[in-house]
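The numbers here are math on the coordinates, done by the rules we state, and not lab data. Because the structure is a prediction, the values reported are computed rather than measured. Every residue, glycine as well, gets a Cβ built from its backbone with ideal geometry; the counts of neighbours run over all protein chains shown.
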């Protein structure tokens with residue numbers, strides 16, 4: 001799904017770039033393995049020659065752009081002496097002569113390239129280059145926002161795992177003072193995540209749900225991917241007892257599956 005969203009954003013940026021510049025053909029792609037890039041989106045092409053073409057760093061105009069992390073252009077691709085010519089066949093099959101490439105850079109890391117081209121050997125002026133750079137900035141901003149969302153999601157999942165481990169550990173601690181401190185830390189994690197037993201979710205649209213501590217423990221284990229048997233082992237319970245707590249939690253939440261129970265509990269603010 002993320003790649004599909006990125007593809008839509010890239011396509012939209014290329015269309016804006018083509019309208020703003022008057023370039024006959026625009027195309028581009030994103031790096032997904034850190035080294036090579038595949039041309040995924042095109043507008044104005046009359047042949048399939050460029051679609052799916054894999055561009056290696058340092059090779060051709062786009063590869064040079066990837067390596068230098070700056071815009072590059074040639075007035076006549078076939079005779080250009082400052083680029084390598086591994087991709088002459090598909091470029092010439094499309095009839096391209098004047099070509100420019102603009103890098104997509106997020107936090108100093110090159111993530112892809114936008115191309116613009118003419119079928120005549122004409123210099124590409126500053127106005128056209130500025131419009132292409134503006135289109136690239138739009139894509140960069142979208143990528144940066146998506147990166148941040150992924151980072152926050154990963155951090156939240158790490159917090160949930162830590163919360164689950166603490167809930168498993170706390171009942172096993174013999175020292176009452178230390179046990180109380182561990183439960184207090186669990187409470188702080190619940191506060192930080194927005195979970196509030198007995199209260200609705202942030203949007204106020206989910207009914208309040210009150211789960212018992214053991215029902216919460218079982219749902220935390222299920223949310224971490226544990227089977228009933230694994231949850232039982234982690235919590236020091238029998239598999240049948242775990243099933244009972246899970247059935248009870250699902251009934252309170254109006255859920256029909258384990259996954260639905262976890263999602264509903266989180267929306268209701270009963271689970272981090």
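Rank the residues 89, 119, 266 as a footprinting-exposure proxy: fewest other Cβ atoms within 10 Å of their Cβ go first.
Details: 89 11, 119 14, 266 19.
The order, fewest Cβ neighbours first, is 89, 119, 266.
Please compute the length gained on full extension between residue 85 and residue 172, using 0.36 nm multiplied by the number of residues separating them and subtracting their Cα-Cα distance.
24.6 nm
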* Can you give the angle from 0 to 90° between the axis of helix 239-253 and the longest principal axis of the chain, with both taken from C-alpha atoms, to the nearest 10? -> 70 degrees
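Compute the relative contact order of the chain as a whole-number percentage, counting only Cα pairs closer than 8 Å that sit 6 or more residues apart in sequence. Don't skip to the end; give the middle numbers.
On the way: 432 pairs, mean separation 36.5, N = 272.
So the answer I get is 13 percent.
I need 209, 145 ordered by Cβ neighbour count within 10 Å, fewest first. Don't jump to the answer; show the numbers that get you there.
Working: 209 22, 145 11.
Ascending Cβ contact count within 10 Å gives the list 145, 209.
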* Structure fact -> Between residue 180 and residue 134, the two model label points (7 Å from Cα along the beta-carbon direction) sit apart by a distance in nm of 6.4 nm
* Structure fact -> With N residues in the range 60-147, Rg(alpha-carbon) / (2.2 N^0.38 Å) equals 1.10
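By counting other Cβ atoms within 10 Å of each Cβ, how are 72, 65 ranked from fewest to most? Numbers along the way, then the final one.
Values: 72 22, 65 27.
So the residues, fewest neighbours to most, are 72, 65.
Which value, in Å to one decimal place, does the Kirkwood hydrodynamic radius take for the chain when every pair of different Cα atoms is included?
After inverting the mean inverse Cα-Cα distance, the result is 22.3 Å.
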* Per q in 0.12 1/Å, what log10 I(q)/I(0) does a Debye calculation on the alpha-carbon atoms of the range 154-267 return? -> -0.41
* **Rounded Å value of the spacing that divides the Cα centres of the range 206-272 and the range 34-101** => 54 Å
* Structure fact -> Between the Cα axis of helix 126-169 and the main Cα principal axis of the chain, the angle (0 to 90°, nearest 10) is 20 degrees
* **Calculated [θ] (222 nm, deg cm²/dmol) that DSSP helices of n ≥ 4 give over the chain, each run adding -39,500 (n - 2.57)** => -17000 deg cm²/dmol
* Asked: Taking R0 as 41 Å, what's the FRET efficiency between residue 19 and residue 248 from their Cβ-Cβ distance, rounded to 0.05?
  -> 0.10
* Structure fact -> For the chain, the longest principal axis of the Cα atoms and the Cα long axis of helix 213-223 enclose an angle in degrees, to the nearest 10, of 30 degrees
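Taking 10 °C and 1.306 mPa s as the conditions, I'd like the Stokes-Einstein D for the range 2-149 in µm²/s, using the Kirkwood hydrodynamic radius from alpha carbon pairs.
Details: Rh = 14.9 Å.
Estimated diffusion coefficient is 107 µm²/s.
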